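The structure appears below as structure tokens.
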Amino acid sequence: MMNELITLIIILLKIVLIAIPLILFIAYLTYFERKIIGYMQSRIGPNRVGIYGLAQPFADILKLISKEIIIPSTSNRYLFIIAPLLALAPSLVAWSVIPFSQGKVLANINAGLLFIFAISSLSVYGILIAGWASNSKYALLGAMRSAAQTISYEIAMGFAFVGVLMASGSMNLQDIVLKQQGGVFHWFFLPLFPLFFVYWICAVAETNRAPFDVAEGESEIVAGFHVEYSGMGFALFFLAEYANMILVSTIIALFFLGGWLSPFENIPYIGVLFSWVPGFFWLFAKTSIFLFLLIWMRATFPRYRYDQIMRLGWKILIPITIVWIIVLGLAVQLKLPPWFS
Amino acid sequence: MLSKLKFLFKTILLTELFQGLRLTGKYFFSAKTTLQFPEETTPTSPRFRGLLALRRYPNGEERCIACKLCEAVCPALAITIEAKPRESDGARRTTLYEIDLFKCIYCGFCEESCPVDSIVLTREKHYHFTERGQQIMTKEKLLAIGDKYESEIAADKTEDAPYR
Ligand code: SF4
Ligand code: SF4
């Protein structure tokens, strides 16, 4: 009994240890997004609260907390309140299987890849329920678009995961990373390049980010699924979106860029020089690159038209993945060096 | 045929997307044009047409001679003038001089038409009204604004004089 209690407390502590830095990271991601997009538009972004505007996220949080939560009278109250939680929870739950470094993982389960795939698909329910419960035409349209988009891109994403599974021969995220040991050229993004690319596009679409943000579509459906939300309800959706961004960036770093492995591995001298850097730092750096790319893309690309999104998903991405899975199968069978030997 | 092939390559290699990314990437490092507003303001020219003001001569006498040219030229009918000989010396002066700033379109015609450079448009652009009725600029208010900005107005006038 006592032992179980202690394990429980340790697990809870670990959860806090993951969740608090994660939420801080999310807060600062919003800050950096505003800064980076500002810089790309020849502006300087927020710089008033604190030095360089570094306290801006906290000012935003305070503002959102102190705002009134408005529940539309014709909405489904119960679902309306539960929807933001349903959107946020999956993107936090998925972190339980993410290994931050060798052995540093909350739940080292063998079906980690499947777990992530399942959990990341769940977050669309939050959006769907929010759109339905709001009882507003814009919210409903936004939710419908989001659902259709997520379902279409999930297929290509699933195939990309299959490629990773074939290449590594394991569903355990730690094993997948360890399979990529041996320097930059052993990372999966080379043999799996088309899948890497497809996964990235799907990840952007899954997180409803520009250029795939038709679910929000400010110009035609106001703000999409969260148009009726105010105060903390809106903040939770916001949080969920950014948590998802970080999640997909981490997943792509784990699956295709060798996770916490140093890029200088097996290079004489330089490899030794960098061997003291903790694995967590490399994972963080790789994740940050993809987060920057996400924001960069948002600052650059115009929104896709809805039918173009569907065409890209079904007619281009899915065929590419299927073809590459066949190629990959041959490569694995023939033990193509240096990756599969 | 060749153009089709070219198009295909462009589509597959996503050249246009990368061009776009390069452009925004370039602007990421470019000089920023933001002005830190309360500390810095955008530069204005001597001809800037902002808040209206009535000027005085250096001896304190108001310039306006109630010729009503400005009232006549104002395209927005924003100016209302009533005039009477002044009791002390019988000089022709205005008893009422009002400009409705909600009607005013800041065209500057009144300044052009004024024979004695009395009504002018200053460089001041930061002002606001909190209550209805405050937008009616009376003679006192306009003269006060003129007193406040006199040095600036005079400098602008001399700078612009060669072109008039
Ligand atoms: S600036 Fe133009 S609109 Fe305004 S008072 Fe003078 S003449 Fe009338
Ligand atoms: S402000 Fe100038 S134009 Fe208008 S009435 Fe007076 S002197 Fe005449």
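The values are calculated or read from the model by the stated rules, or taken from the named source; none is laboratory data. Just so it is clear, the structure is predicted and the values come from calculations on it, not from any experiment. Here Cβ is always computed from backbone atoms with ideal geometry, including for glycine, and neighbour counts include all displayed protein chains. Just the protein is used for accessible areas: all its heavy atoms, side chains included, with ligands, DNA and RNA removed. Shrake-Rupley method; radii C 1.70, N 1.55, O 1.52, S 1.80 Å.
Calculate, for B:Tyr163 and B:Thr95, the FRET efficiency according to 1/(1 + (r/R0)^6) with r their C-beta to C-beta distance and R0 30 Å; round to the nearest 0.05. E(calc), rounded to 0.05, equals 0.30. Along the axis of the charge dipole computed for the range A:163-260 (Cβ charges of +1 for Lys and Arg, -1 for Asp and Glu, origin at the Cα centre), the listed residues A:Phe225, A:Gly169, A:Ala215 are led at the positive end by A:Gly169. So if we plug the beta-carbon distance of A:Leu114 and B:Gln36 into 1/(1 + (r/R0)^6) with R0 = 56 Å, what FRET efficiency do we get, rounded to 0.05? Using R0 = 56 Å, I get an efficiency of 0.60.
Select from A:Ala27, A:Ala167, A:Ala111 the residue whose mean-square fluctuation is largest in a Gaussian network model of chain A (Cα-Cα springs shorter than 10 Å). The residue that fluctuates most here is A:Ala111. If you run the Gaussian network model on chain B, springs between alpha carbon atoms under 10 Å, then out of B:Leu17, B:Leu142, B:Leu35 the most flexible one is B:Leu17. Rounded to whole numbers, the Karplus 3J(HN,Hα) couplings from phi for the range A:125-131 are 5, x, 5, 4, 5, 4, x Hz, using 6.51 cos²θ - 1.76 cosθ + 1.60 with θ = phi - 60°, and x at Gly and Pro. Kirkwood hydrodynamic radius computed over the range B:100-155 comes to 12.4 Å, based on all pairs of distinct alpha carbons. Past the 29 Å Cα-Cα mark, which pairs from A:Lys35/A:Lys63; A:Lys63/B:Lys103; A:Lys14/A:Lys286; A:Lys14/A:Lys35; A:Lys63/B:Lys125? Pairs exceeding 29 Å: A:Lys63/B:Lys103; A:Lys14/A:Lys35; A:Lys63/B:Lys125.
Once R0 is set to 25 Å, what does the formula 1/(1 + (r/R0)^6) return for the Cβ-Cβ distance between B:Ile12 and A:Phe292, expressed as a FRET efficiency to the nearest 0.05? Result of the calculation: an efficiency of 0.50.
For the protein assembly as shown, the residue among A:Val332, A:Gln102, A:Phe32 whose Cα projects farthest onto the positive side of the dipole built from Cβ charges is A:Val332.
Just to confirm a number: summing +1 for Lys and Arg and -1 for Asp and Glu over residues other than A:Arg209 whose beta-carbon lies under 11 angstrom from that of A:Arg209, what do you get? Net charge around A:Arg209: -3. Between 0 and 90 degrees, the angle of helix B:139-160 with respect to the longest Cα principal axis of chain B falls at about 60 degrees. The percentage of C-alpha pairs in the range B:48-164 whose separation is greater than 21 Å is 34%.
Could you pull out the GluC sites (Glu not before Pro) across the range B:80-163 that fall in loop regions by DSSP (anything but H, G, I, E, B) with no more than 16 other Cβ atoms inside 10 Å? Sparse-neighbourhood loop GluC sites (Glu not before Pro): B:Glu87, B:Glu124, B:Glu131. Shown here are the Rg and Dmax of the Cα trace of the protein assembly as shown, at 32.8, 113 Å.
Solvent-accessible area per residue in chain A equals 48 Å², computed with a 1.4 angstrom probe and all protein chains kept. If only the Cβ of Lys and Arg carry +1 and only the Cβ of Asp and Glu carry -1, the dipole of the range A:191-341 around its Cα centre is close to 500 debye. About its Cα centre, the protein assembly as shown has a charge dipole of approximately 1060 debye under the convention of +1 per Lys or Arg Cβ and -1 per Asp or Glu Cβ, with nothing else charged.
Taken about its Cα centre, the range B:70-161 carries a charge dipole of roughly 300 debye when the Cβ of each Lys and Arg holds +1 and the Cβ of each Asp and Glu holds -1. Quick one: net charge of A:Ala130's neighbours, Cβ under 15 Å, K/R +1, D/E -1? Around A:Ala130, the charge tally is 0. Multiplying each eigenvalue of the alpha-carbon gyration tensor of the range A:109-171 by 5 and taking the square root yields semi-axes of 31, 12, 4 Å, largest first, rounded to whole angstroms. Buried on complex formation within the range A:15-49 (loss of at least 30 square angstrom of accessible surface versus the isolated chain, 1.4 Å probe, ligands and nucleic acids ignored): A:Tyr39, A:Met40, A:Ser42, A:Ile44, A:Arg48.
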